[in-house]
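Heads up: the structure comes next, in structure tokens.
The values are calculated or read from the model by the stated rules, or taken from the named source; none is laboratory data. The structure presented is a predicted model; accordingly, all values stated were derived computationally and were not measured. Glycine also receives a Cβ, built like all others from the backbone with ideal geometry; neighbour counts cover every protein chain displayed.
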Amino acid sequence: MASLEIVLEKADKIYTQEEKEAFAEEKNNLYKELLKDMTETDLSEEVRTTLEELRNRGYKLSIGSSSKNTKFILGQLGLGDFFDAIADGTDITNSKPDPEVFLKSAEKLGAAPSECAVVEDAKAGIQAARAAGMTALALFGDAKECGMEDYNLNGFADLLNVL
């Protein structure tokens with residue numbers, strides 16, 4: 001709903017809450033249909049091998065996402081049981097830049113926030129990581145340009161050099 005509100009800021013019409021909810025549901029249904037075509041081949045080899053190496057090095061891994069489709073996406077990519085914890089839109093009430101999703105991830109891992117690093121592609125995610133007291137790693141997008149990150153990554157495999 002937060003992303004829909006941002007889009008509708010530029011609209012010429014003011015929409016009712018019911019109309020907004022209908023838009024969000026329609027968008028989510030279309031998105032879920034597209035996700036059904038996702039397969040393990042959509043996960044890059046760089047990401048797969050980096051995740052495996054992090055696991056081999058003994059790191060606990062979690063996903064912190066505001067999406068309610070996180071578990072479905074991970075299943076489609078063949079990562080359904082790979083992560084030690086998942087905190088997603090079904091666990092939280094506040095979206096990024098609120099740190100709730102990352103704090104929930106740390107809690108599920110049994111880790112202190114100061115022991116956690118977050119990889120993000122959005123400024124709001126970097127803000128959330130910083131607010132949570134976590135190391136913020138920027139990968140792509142406006143995350144790399146916001147100036148709030150602890151490290152800029154040129155690729156996902158750079159995690160192996162930073163952590």
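Key figures
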| item | result |
| --- | --- |
| The stretch 151-163 - residue that is part of a loop (DSSP other than H, G, I, E, B) and within 17 Å of the chain's Cα centre (by Cα) and, of those, surrounded by the fewest Cβ atoms within 10 Å (Cβ to Cβ) | G155 |
| Filtered residues of the stretch 87-137 (kept if on the phi > 0 side of the Ramachandran plot and in contact with a Pro (Cβ under 6 Å, 6 or more places away or on another chain)) | G133 |
| Residue within the stretch 114-133 that is touching an Asp or Glu at 6+ places or on another chain (Cβ under 8 Å), closer than 19 Å to Y31 by Cβ and touching a residue at least 40 places away in the same chain (Cβ under 8 Å) present | no |
| Options E53, E46, E25: the member that is surrounded by fewer than 17 Cβ atoms within 10 Å (Cβ to Cβ) and not assigned by TED's automatic domain parsing to the domain that holds C116 | E25 |
| Selection count, the stretch 122-150, where residues are buried (at least 17 other Cβ atoms within 10 Å of the Cβ) and over 14 Å from the mean Cα position of the chain (by Cα) | 8 |
| Residue in the stretch 9-16 that is more than 26 Å from L153 (Cα to Cα), touching a helix residue (DSSP H, G or I) at 6+ places or on another chain (Cβ under 7 Å) and surrounded by fewer than 16 Cβ atoms within 10 Å (Cβ to Cβ) present | yes |
| Unique match (being modelled with pLDDT of 95 or more, part of a loop (DSSP other than H, G, I, E, B), closer than 22 Å to A129 by Cβ and not aliphatic (A, V, I, L, M)) among K68, K60 | K60 |
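For (1) part of a loop (DSSP other than H, G, I, E, B); (2) modelled with pLDDT under 95, each residue gets a yes or a no:
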position	(1), (2)
E5	no, yes
I14	yes, yes
D81	yes, yes
D98	yes, no
K108	no, no
